[in-house]
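Structure, as structure tokens:
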Amino acid sequence: MWRSFVRILHTSDFHLAEHKPETLSSLEEVLKVAKEQSIDILTIAGDLFDSNEDAEALRALLRQKFSTNNFEIIVIPGNHDSEVYKGNLDFGSNLKVATKEPYELFVKDKTTIVALPFTSTLDEGILSKLAKESNREETTILLIHCTLDIGFSVSDFGEEAAYRYCPVSKATLSRLGFDYILAGHFHRTTTILQLGEKGVFVYPGSPVSHSLKEVGKRQVILVDTQKKDWRSIPLQSFYYDTYHVTATPGREDSAIGNIQKWVDERCSDKCSLKVIVDGFIEKDEHLFKHDLEKVADRPYIKIEHLYRNVKEVFEHPLYVRFKEKLIKKNLEREKQIDAIVVDAMARLLKSRELGA
């Protein structure tokens with residue numbers, strides 16, 4: 001029994017692969033969240049599968065998972081799985097795949113989802129038809145797998161080639177007039193953009209980290225058409241994360257404490273962590289390394305040791321001249337001034353803005 005409003009959970013780019021169990025675990029997690037949130041529709045904006053071969057290998061396993069839910073699952077093909085759904089194949093009774101061209105409509109009471117199968121380009125003909133579909137009294141949603149041409153680099157879209165699949169601008173999408181554009185193809189992070197006065201564009205990011213470029217806890221987006229709002233929901237799926245710390249002379253313990261806190265906040269997650277430590281230290285390098293490795297004494301944490309002893313600063317000709325003048329002036333705040341200069345020179349040496 002459908003309500004007059006719809007709760008939609010949006011995700012994309014699972015890239016399900018037989019040899020990558022973390023992708024299948026992320027699907028289980030999203031289905032779990034969908035049930036907990038009492039949604040009506042789960043939308044997947046392309047690349048459910050990493051390849052045609054993976055879809056064939058996993059179809060029997062997934063058929064049950066896609067047949068035991070109290071919500072519908074609407075999927076569009078992406079550039080990785082555009083050929084998967086062309087045969088008369090059974091992926092489960094809950095799974096509705098948009099394969100009709102130029103698009104397929106899914107209407108639930110006062111919400112219309114316009115699902116666009118994967119296309120490499122959006123020509124004027126398709127754009128004109130889409131604009132007409134958005135001109136409805138009820139809530140209208142466009143489901144699309146695309147490259148939004150605003151502030152993103154090729155690497156943001158996952159392990160893709162340099163080809164820009166279905167490129168489209170924010171201005172073009174704004175003119176279409178949809179209330180929500182639920183998109184896929186962008187892997188790195190969740191991105192929400194306002195389209196003029198009305199529309200909202202959503203990239204949920206991948207629900208599992210596929211590469212080191214996809215850092216941070218993964219999320220899905222819940223859209224409530226009654227409240228006309230959205231919110232992100234964190235997932236308990238695998239992710240990579242990186243923490244960058246610049247050590248400063250005399251504050252090594254503070255750097256260690258910050259790393260400890262960051263690691264502890266993620267200790268119960270499924271993750272792989274990297275800590276990058278650079279800068280300059282007064283402490284013996286071997287002792288500092290030992291302290292760092294005690295904090296990161298877990299198999300899923302790696303430390304990149306890029307720090308150096310502050311001796312390089314102390315021996316720099318510029319610091320030597322400064323120190324001589326500072327001693328001659330005999331100032332009350334000599335120690336504080338010295339500490340500020342050491343810190344500044346350490347940062348300049350690190351960034352190579354100050355020669356040896």
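All of the numbers you see were taken from the coordinates with simple rules; none came from a lab. Just so you know, these numbers come straight off a predicted model, no measurement behind them. Here Cβ is always computed from backbone atoms with ideal geometry, including for glycine, and neighbour counts include all displayed protein chains.
Among the GluC sites (Glu not before Pro) found in the stretch 313-356, those both in a DSSP coil and sparsely packed, with 14 or fewer other Cβ atoms within 10 Å of their Cβ, are Glu315, Glu332, Glu353.
Taking 0.36 nm per residue of sequence separation and removing the Cα-Cα distance, the Ala344/Thr172 pair yields an extension gain of 57.2 nm.
Across the stretch 7-234, the relative contact order, built from alpha-carbon pairs under 8 Å that are at least six residues apart, equals 20 percent. When the C-alpha to C-alpha distance is required to be over 29 Å, the pairs from Lys32/Lys198; Lys65/Lys274; Lys32/Lys213; Lys228/Lys274 that qualify are Lys32/Lys198; Lys65/Lys274; Lys228/Lys274. Among the chymotrypsin sites (Phe, Trp or Tyr not before Pro) in the stretch 299-352, those placed in a DSSP loop whose Cβ has at most 16 other Cβ atoms within 10 Å are Tyr300. By the Cβ distance rule of under 4.7 Å, the chain has these cysteines without a partner: Cys267, Cys271. Classify the stretch 66-123: rounded, prolate or oblate, from the alpha-carbon gyration tensor (a ≥ b ≥ c, eigenvalue square roots; a/c under 1.5 rounded; otherwise prolate if a/b is larger than b/c)? Taking the square roots of the gyration eigenvalues as a ≥ b ≥ c, the stretch 66-123 is oblate. In the distance distribution for the stretch 239-350, Cα-Cα pairs more than 19 Å apart total 51 percent. If you fit an axis through the alpha-carbon atoms of helix 52-65 and take the longest principal axis of the Cα set of the chain, what angle between them do you get, 0 to 90°, nearest 10? With rounding to tens, the tilt is 70 degrees.
Couplings 3J(HN,Hα) for the stretch 112-127, derived from phi with the Karplus relation 6.51 cos²θ - 1.76 cosθ + 1.60 (θ = phi - 60°), are 10, 9, 9, 9, 9, x, 4, 9, 6, 9, 10, 8, 4, x, 5, 4 Hz, where x marks Gly and Pro. Converting phi to 3J(HN,Hα) with the Karplus coefficients 6.51, -1.76 and 1.60 and the offset θ = phi - 60°, the stretch 222-230 yields 9, 10, 10, 6, 6, 7, 6, 9, 9 Hz in sequence order, with x at every glycine or proline.
Dividing the summed helix terms, -39500 (n - 2.57) for each DSSP H run of n ≥ 4, by the number of residues in the chain produces a 222 nm estimate of -9000 deg cm²/dmol to the nearest 500. Given the options Lys213, Lys20, Lys86, which has the most mean-square fluctuation in a GNM of the chain, springs set between C-alpha atoms less than 10 angstrom apart? It is Lys86. Each of Lys311 and Arg333 was given a label point 7 Å from its Cα along the Cα-to-Cβ line. The distance between the two points is 3.2 nm.
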